[in-house]
1. Across segment 36-53, which residue is nearest to ligand 3 (Cβ to nearest atom) among those that are of a type in the set (S, T, N, Q) and within 21 Å of His67 (Cα to Cα)?
2. Against the condition at pLDDT 95 or above, of a type outside the set (Val, Ile, Thr) and more than 23 Å from Met171 (Cβ to Cβ), how does Asn108 come out, does it pass?
3. Which of the residues belonging to segment 258-311 are charged (D, E, K, R) and more than 16 Å from the chain's Cα centre (by Cα)?
4. Can we say Arg336 is part of a helix (DSSP H, G or I) and over 27 Å from Asp48 (Cα atoms)?
5. Tell me which residues, restricted to segment 120-163, are part of a loop (DSSP other than H, G, I, E, B), near ligand 2 (Cβ under 10 Å from one of its atoms) and under 26 Å from Phe88 (Cβ atoms).
6. So, Arg302, is that one farther than 24 Å from Gly135 by Cβ, within 16 Å of ligand 4 (Cβ to nearest atom), at pLDDT 95 or above and touching a Gly at 6+ places or on another chain (Cβ under 7 Å) or not?
7. Would you mind telling me which numbered condition in (1) out of contact with any Pro (no Cβ under 7 Å at 6 or more places or on another chain); (2) not in a loop (DSSP other than H, G, I, E, B) Lys107 fails?
8. Within the group Leu35, Leu39, which residue is of a type in the set (A, V, I, L, M, F, W, C), more than 21 Å from the chain's Cα centre (by Cα), within 16 Å of ligand 1 (Cβ to nearest atom) and at pLDDT 90 or above?
Amino acid sequence: MAFRVIPLVDQRRDAPLPAPRDEDGVRAGLLQDRLGRPLTDLRISVTDRCNFRCSYCMPKEVFDKNHVYLPHSALLSFEEITRLARVFVDQGVRKIRLTGGEPLLRKNIEHLIEQLAALRTPDGSPLDLTLTTNGSLLARKAQALKAAGLQRVTVSLDALDDTVFRRMNDMDFPVADVLAGIDAAREAGLGPIKVNMVVKRGTNEQEILPMARHFRERHGGDVVLRFIEYMDVGATNGWRMDEVMPSADVVAHIAAELPLRPLEASAPGETAQRWAYADGRGEIGVISSVTQAFCRDCSRLRLSTEGRVYLCLFASQGHDLRQLLRGGADDEALARTVRSIWTQRGDRYSELRARRPADGVAEGPAPRRVEMSYIGG
Ligand SMILES: Nc1nc2c(ncn2[C@@H]2O[C@H](COP(=O)(O)OP(=O)(O)OP(=O)(O)O)[C@@H](O)[C@H]2O)c(=O)[nH]1
Ligand SMILES: C[S@@+](CC[C@H](N)C(=O)[O-])C[C@H]1O[C@@H](n2cnc3c(N)ncnc32)[C@H](O)[C@@H]1O
Ligand code: SF4
Ligand code: SF4
């Protein structure tokens, strides 16, 4: 596989902040973008570092050689993150996901969780506060995360077999420790727990059925396993269409042994299509970002570790809020900027890519996209 080296500077190109506008895009009290999509979901990257080197995300050949990680001074502090989160919540955000990189590597992450858990929507409701983790530190941190106010976790796990797991994440880490993390999260009450498995054809598709059997037999309906199509996100993973296993194939593969029936979406804009086991013992989800794009309902905004706002996972430029924040902007100025950014948004990368199935790559945004570990997966 050929890897190109993308120096950090490419991740830091800024889109100019739009001139603040007001009222446009605010309909029925909801801030909407140019395609009528509300802003309800904020994903915050708390670190660009990780202790895994998943080939589809942070390939060792790039991230252990020429990659420059953010210096500590560039990172938003917990107070800065919370202040921005409050501004987003006032604009309609109802769900906050902490991610990265590996969010449990960020020192004292539970202090940030405490601050975010105290936020309330304008009608006084708590937020849906969650976190995505590779599970490596979860067994030891689950109780503290729960005590700090985290509601639930999503754990990434690509295989049950140690050899296949290592092939995916390029680290010598036992699957048993991730499974212990999932058990600890359940015991701590961090449910409903979701387990995300990226399927890479030729690498881990033989693990689909063992994973389905394991989670249904051990956890029944308490853990929802979701299969994710391998995406062409970032610029370093050497993505090829022939390594994508379409969700339809995953569903057919499982249903041949364990019959499935489709379920309704549980929330508008949900990334996963849900399927129930016909015998009632739990459900699975499939996230078909490549073969069945879901941009139409995309209500997600991403805040990078150093305070840049990205309107799409495949963006190549962000809007720098840290500069405004550290330049003394008050909350109303920040809110006006957020409204302007969102109301001018028209991103729908995956939909555009799907229209060009020949090579699977859209013309849309510039090819040098930011990495998922930086923007927040
Ligand atoms: N193309 C695309 N893929 C996404 C987007 N959001 C999430 N994904 C993919 O879906 C995977 C799972 O997303 P999660 O982080 O679990 O978020 P979620 O599905 O919104 O989470 P729940 O609230 O638990 O349903 C991610 O790791 C991505 O691979 C998105 O906006 N665009
Ligand atoms: C970037 S990681 C960050 C959080 C944490 N380190 C983890 O792995 O759960 C978030 C999610 O992105 C997914 N992901 C990363 N690269 C991907 C790709 N190329 N295609 C699909 N999903 C990807 C991972 O599987 C993981 O579930
Ligand atoms: S997917 Fe998560 S665990 Fe894997 S390299 Fe990316 S950030 Fe790390
Ligand atoms: S490709 Fe961009 S616009 Fe489409 S669902 Fe993903 S983040 Fe949203």
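1. Here is the first cut: in segment 36-53, the residues of a type in the set (S, T, N, Q) are 40, 45, 47, 51.
Checking which are within 21 Å of His67 (Cα to Cα) leaves us with 45, 47, 51.
Details: Ser45: 9, Thr47: 9, Asn51: 7 Å.
Per the criteria, the residue is Asn51.
2. Working: at pLDDT 95 or above: yes; of a type outside the set (Val, Ile, Thr): yes; more than 23 Å from Met171 (Cβ to Cβ): yes.
It is true that Asn108 is at pLDDT 95 or above, of a type outside the set (Val, Ile, Thr) and more than 23 Å from Met171 (Cβ to Cβ).
3. The first filter runs over segment 258-311 and keeps only residues charged (D, E, K, R), leaving 261, 264, 270, 274, 279, 281, 283, 296-297, 300, 302, 306, 308.
If the condition is that a residue be charged (D, E, K, R) and more than 16 Å from the chain's Cα centre (by Cα), then Arg261, Glu264, Arg274, Asp279, Arg281, Glu283, Arg296, Glu306 are the ones that fit.
4. Values: part of a helix (DSSP H, G or I): yes; over 27 Å from Asp48 (Cα atoms): yes.
Against the criterion (part of a helix (DSSP H, G or I) and over 27 Å from Asp48 (Cα atoms)), Arg336 qualifies.
5. Applying the first criterion (part of a loop (DSSP other than H, G, I, E, B)) to segment 120-163 yields 121-125, 127, 134-137, 149-151, 157-161.
With near ligand 2 (Cβ under 10 Å from one of its atoms) added as a condition, the list becomes 134-136, 157-158.
Within segment 120-163, Asn134 is the sole residue that qualifies.
6. On the way: farther than 24 Å from Gly135 by Cβ: no; within 16 Å of ligand 4 (Cβ to nearest atom): yes; at pLDDT 95 or above: yes; touching a Gly at 6+ places or on another chain (Cβ under 7 Å): yes.
Judged against the criteria, Arg302 is not a match.
7. (2)
8. Numbers: Leu39 fails: more than 21 Å from the chain's Cα centre (by Cα).
Going through Leu35, Leu39 in turn, just one is of a type in the set (A, V, I, L, M, F, W, C), more than 21 Å from the chain's Cα centre (by Cα), within 16 Å of ligand 1 (Cβ to nearest atom) and at pLDDT 90 or above: Leu35.
The values are calculated or read from the model by the stated rules, or taken from the named source; none is laboratory data. Just so you know, these numbers come straight off a predicted model, no measurement behind them. Note that each Cβ is placed from the backbone with ideal geometry, even for glycine, and that neighbours are counted across all protein chains shown.
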